[in-house]
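Student: Sharing a structure here in structure tokens format.
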């Protein structure tokens with residue numbers, strides 16, 4: 001908590017000192033209010049013992065983000081982004097450790113977060129989601145602090161994202177997780193660069209140290225990476241380009257344990273194709289192979305499995321398809337499907353409606369439905385509906 005307060009007020013003081021010249025600083029962000037209805041259908045029977053509503057839980061989230069950047073000079077800038085969330089409702093009430101779990105899930109090497117309130121059915125959590133210094137001069141770029149090291153190329157799954165993997169189902173975190181790290185990058189030509197990144201660590205088992213080379217060949221951009229990531233030697237690559245009028249992207253990474261008592265080697269690979277039709281219909285499809293995934297585990301593990309670049313989805317195979325279409329200039333509709341052709345035939349369905357109410361105001365209606373096959377046939381243990389209002393500034 002002391003670290004968070006000190007670092008935040010240090011960053012805030014730097015920004016305020018820069019106010020004499022508004023060209024040296026920027027402030028932006030948003031406020032979101034999201035209401036959720038979660039229908040569990042006996043998937044989590046422990047909740048029924050808490051005397052909550054039998055058929056569904058109601059949950060609420062207020063989410064505020066403040067992004068600040070101070071341009072110290074032409075070569076150096078400081079970025080500090082504060083993310084504050086207020087959780088309240090049945091899920092918080094059902095889990096006495098909710099605040100602790102939220103706090104633990106959002107920290108990297110440094111503890112830059114604090115639980116401001118942890119009551120019976122309320123949790124208020126705030127954290128410095130980004131805090132880094134960036135130095136740019138000529139072909140060199142150096143960044144130190146909490147940052148997103150975005151090595152992924154594909155839209156849904158990123159085996160190359162060995163520093164801070166993310167989940168497609170976590171739709172309310174568009175900035176995605178960051179890492180406390182040092183990143184050094186040098187541009188070597190048009191669409192080419194070399195990069196070295198090191199995640200901070202006390203124990204070498206938790207370290208991520210890797211390098212990446214990007215280059216262009218014809219109409220394709222390629223990348224090759226290698227290094228060490230959490231007890232694994234890693235080697236991977238990816239590409240992005242066009243196949244006719246469609247976009248073609250792919251990634252793969254191989255994980256080889258360095259210790260004999262470690263899990264077996266793992267391989268993760270994905271390929272995706274996207275296309276925009278003349279009538280503005282957008283289509284995106286892809287496939288993931290995940291050697292660490294299961295063939296028969298329940299679909300209820302989709303929201304709580306141990307996510308990493310080594311294990312991006314609970315199942316061995318996954319097929320993705322998404323359609324998006326602007327119904328009117330202000331209303332957009334989309335639907336995404338993830339099907340796993342494994343023993344349980346796991347299916348994730350994600351319909352979305354987005355309405356632009358006015359400038360800087362948006363409202364989203366999001367659904368999440370999961371299904372799998374059991375002895376009695378196909379069942380849907382969990383359905384969720386989210387209504388989100390967002391104001392950006």
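Read-outs throughout are calculated quantities, based only on the coordinates presented, and are distinct from any laboratory measurement. No experiment lies behind these values; they were computed from the predicted model shown. Methodologically, a virtual Cβ is constructed for each residue, glycine included, from the backbone with ideal geometry; neighbour enumeration extends over all protein chains shown.
Student: Just want the ordering: 221, 97, from fewest to most Cβ atoms lying within 10 Å of their own Cβ. Walk me through the numbers before you get to the answer.
Tutor: Numbers: 221 17, 97 10.
Ascending Cβ contact count within 10 Å gives the list 97, 221.
Student: Select from 202, 129, 172 the residue whose mean-square fluctuation is largest in a Gaussian network model of the chain (Cα-Cα springs shorter than 10 Å).
Tutor: Per the Cα network of the chain with a 10 Å cutoff, 202 tops the list.
Student: Same structure, new question: Under 8 Å for C-alpha pairs, at least 6 residues apart: give me the relative contact order for segment 98-238, rounded to a whole percent.
Tutor: 15
Student: Would you work out the relative contact order for the chain, in percent, from Cα pairs under 8 angstrom that are 6 or more residues apart?
Tutor: On the way: 977 pairs, mean separation 46.8, N = 393.
That works out to 12 percent.
Student: Would the chain count as rounded, prolate or oblate if I go by the C-alpha gyration tensor, calling it rounded below 1.5 in a/c and otherwise prolate when a/b exceeds b/c, oblate otherwise? Mind showing how you got there, number by number?
Tutor: Numbers: a/c = 1.35, a/b = 1.12, b/c = 1.21.
It is rounded, given that a/c, with a ≥ b ≥ c, falls under 1.5.
Student: How do 71, 163, 378, 190 line up, fewest other C-beta atoms within 10 Å first? Kindly include the intermediate steps, with their values, before the conclusion.
Tutor: Values: 71 17, 163 24, 378 11, 190 7.
With the fewest neighbours first, 71, 163, 378, 190 line up as 190, 378, 71, 163.
Student: Cα centroids of segment 172-242 and segment 270-305: how far apart, whole angstrom?
Tutor: 22
Student: Counting only helical runs of four or more DSSP H residues, what would the 222 nm mean residue ellipticity of the chain come to if each run contributes -39,500 (n - 2.57) and the total is spread over all its residues?
Tutor: Details: 3 runs with 29 residues, N = 393.
-2000 deg cm²/dmol, from helical runs alone.
Student: Express in nm, to one decimal, how much length is gained between residue 196 and residue 265 on full extension, taking 0.36 nm for each residue of separation and deducting their alpha carbon distance. If you can, show how the numbers build up before the last one.
Tutor: Values: separation 69, 0.36 × 69 = 24.84 nm, distance 2.38 nm.
Between residue 196 and residue 265, full extension yields an extra 22.5 nm.
Student: I need 361, 25 ordered by Cβ neighbour count within 10 Å, fewest first.
Tutor: 361, 25
Student: Can you divide the C-alpha Rg of segment 313-371 by 2.2 N^0.38 Å and report the result to two decimal places? The partial results should precede the final answer.
Tutor: Values: Rg = 14.6 Å, N = 59, 2.2 N^0.38 = 10.4 Å.
Ratio of Rg to 2.2 N^0.38 Å for segment 313-371: 1.41.
Student: Describe numerically, in nm with one decimal, the distance between label points set 7 Å from Cα along Cα→Cβ at residue 115 and at residue 335.
Tutor: Using points 7 Å along Cα→Cβ, the separation is 4.0 nm.
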